[in-house]
Amino acid sequence: MKIAIIGGGNMGITYAKAFVRSSIVQKDSLLIIEKHAEKRTELLNEGIGLVTDTIDDSLLKFNIIISAVKPQDFKVMADKLKRHMHEDQLLISIMAGITIATIQQLLGHKKVVRAMPNTPAQLGFGISAFTVSSEVSFEEISKVDTLLETTGKSIFMKDEALINAVTALSGSGPAYFYYIVKHMIEAGKQMGVEEPVAAMLIKQTMLGAFQLMNNSNLSLDEMITMVASKGGTTEAALNSFEQREVGIHIIEALMAAEYRAKELSNG
Ligand SMILES: NC(=O)c1ccc[n+]([C@@H]2O[C@H](COP(=O)([O-])OP(=O)(O)OC[C@H]3O[C@@H](n4cnc5c(N)ncnc54)[C@H](OP(=O)(O)O)[C@@H]3O)[C@@H](O)[C@H]2O)c1
């Protein structure tokens, strides 16, 4: 398999490293196209794969082309790329908010995969949901699934409209988690606990709670009840959440993210 990644930023590099680490592609069959000179030097020094700044006919020999540029850079990039593709190639986009129809139109290319990854992909703990144009075969869907799984888990979604929900849930999800952790650490500081100690307490609690949740047959409500005894400390905090309707606010916040994803998709 020969893979070209356009955009050697955070996500592009994450993918490049995951492909090489999993041996799904050899270093000399992986090309990263990056316009930023400093990033190209970094990539060359890291020796992840071949590196260039040019979109040209050499792309024709790659089976898969991944677009990992920012959504706002895609139009300019597509203008160049469309002259150097052939119809059998698979174009995988990881760009937020750009629909398959727009990609097909701007590239004049039919076989398009739209994937939404997240940053824990850097450590192989990511999750990517993906959807495909009708011209992508079952065999190609399976190949994409294998590729994306080098960065964590992968889910195929038939309905492209749900990619907006995926963006709001797992694409942006890591940031919500950091926001909650940040405020729990802040609470610790206000109680007089030194920041590094508070950070250690909260991070290990999050990790432990996640492991417990992932290895338990109990529902989330049952797991909450396990921690919260009647009239106790946890119940005091949970009552405060309920009085302030924190749960409803969380749902509303994620709805706002989904709404923004829809707005971006509609141009
Ligand atoms: N970060 C996330 O959590 C996340 C999650 C899901 C999806 N995504 C998607 O992943 C994509 C990449 O995000 P990112 O965070 O990796 O962005 P990034 O770090 O800015 O990387 C994009 C890279 O592409 C380069 N570039 C732009 N136009 C180019 C062109 N025509 N040819 C070659 N290189 C070009 C940029 O160079 P310059 O800096 O010089 O412009 C930059 O180095 C975005 O579309 C985003 O929506 C990101």
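The values are calculated or read from the model by the stated rules, or taken from the named source; none is laboratory data. Predicted model only: the values in this text are computed from it and were never measured. Please note: Cβ atoms are built from the backbone with ideal geometry, for glycine as well, and neighbour counts cover all protein chains shown. Just so you know, the surface numbers come from the protein's heavy atoms only, side chains and all, with ligands and any DNA or RNA stripped out. Shrake-Rupley method; radii C 1.70, N 1.55, O 1.52, S 1.80 Å.
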Item checked: Charge dipole of the stretch 101-188 about the Cα centre (unit charges at C-beta), most positive-ward option of Gln105, Leu169, Ala115 -> Gln105
Notebook entry, point to check: Which order, highest average first, do 108-114, 177-183 follow once you tally other Cβ atoms within 10 Å for each residue and take the mean per peptide?
Noted result: 108-114, 177-183
Next item on the list: For the stretch 46-186, report the convex hull volume of the alpha-carbon atoms normalised per residue, in Å³, without decimals.
Entry: 136 Å³
Item checked: Accessible-area composition of the chain, carbon plus sulfur, in percent [1.4 Å probe] -> 58 percent
Note to self: Keeping every protein chain present and rolling a 1.4 Å probe, give me the accessible area per residue for the stretch 97-139 in Å².
What the structure shows: 44 Å²
Notebook entry, point to check: Can you give the charge dipole size of the stretch 27-94 about its Cα centre, rounded to the nearest 20 debye, using +1 on the beta carbon of Lys and Arg and -1 on the beta carbon of Asp and Glu?
Noted result: 180 debye
Check: Cα gyration tensor of the stretch 122-267, axes a ≥ b ≥ c as square roots of the eigenvalues: rounded (a/c below 1.5), prolate (a/b > b/c) or oblate?
Finding: prolate
Note to self: Order Met200, Met184, Met85, Met95 by their accessible area, 1.4 angstrom probe, all chains in place, largest first.
What the structure shows: Met200, Met184, Met85, Met95
Next item on the list: May I ask you to give the solvent-accessible area per residue for the stretch 162-245, in square angstrom, as obtained with a 1.4 angstrom probe?
Entry: 75 Å²
Next item on the list: Quick one: P(r) of the stretch 106-156 from all Cα-Cα pairs, 5 Å bins, percents rounded to integers, in order of increasing distance.
Entry: 5, 22, 29, 19, 14, 9, 2
Notebook entry, point to check: Which value, in debye to the nearest 20, gives the size of the charge dipole of the chain about its Cα centre, when Lys and Arg are +1 and Asp and Glu are -1 at the Cβ?
Noted result: 460 debye
Margin query: Which log10 I(q)/I(0) values does the chain give at q = 0.09, 0.12, 0.17 Å⁻¹ under the Debye formula, counting every alpha carbon as one identical point scatterer?
Written below: -0.51, -0.82, -1.31
Check: Pairing the Cα long axis of helix 233-243 with the longest principal axis of the chain, what angle in degrees results, from 0 to 90 and rounded to the nearest 10?
Finding: 70 degrees
Margin query: Using the Cα centre of the chain as origin and beta-carbon charges of +1 (Lys, Arg) and -1 (Asp, Glu), tell me which of Ile65, Asn266, Val181 is placed farthest towards the positive end of the dipole.
Written below: Ile65
Item checked: Test item: Cα-centred dipole of the stretch 1-152, Lys/Arg +1 and Asp/Glu -1 on Cβ, debye -> 180 debye
Notebook entry, point to check: Just from its helices, what would the mean residue ellipticity at 222 nm be for the chain, if runs of 4 or more DSSP H residues each count -39500 (n - 2.57) and the sum is divided by every residue, rounded to the nearest 500 deg cm²/dmol?
Noted result: -15000 deg cm²/dmol
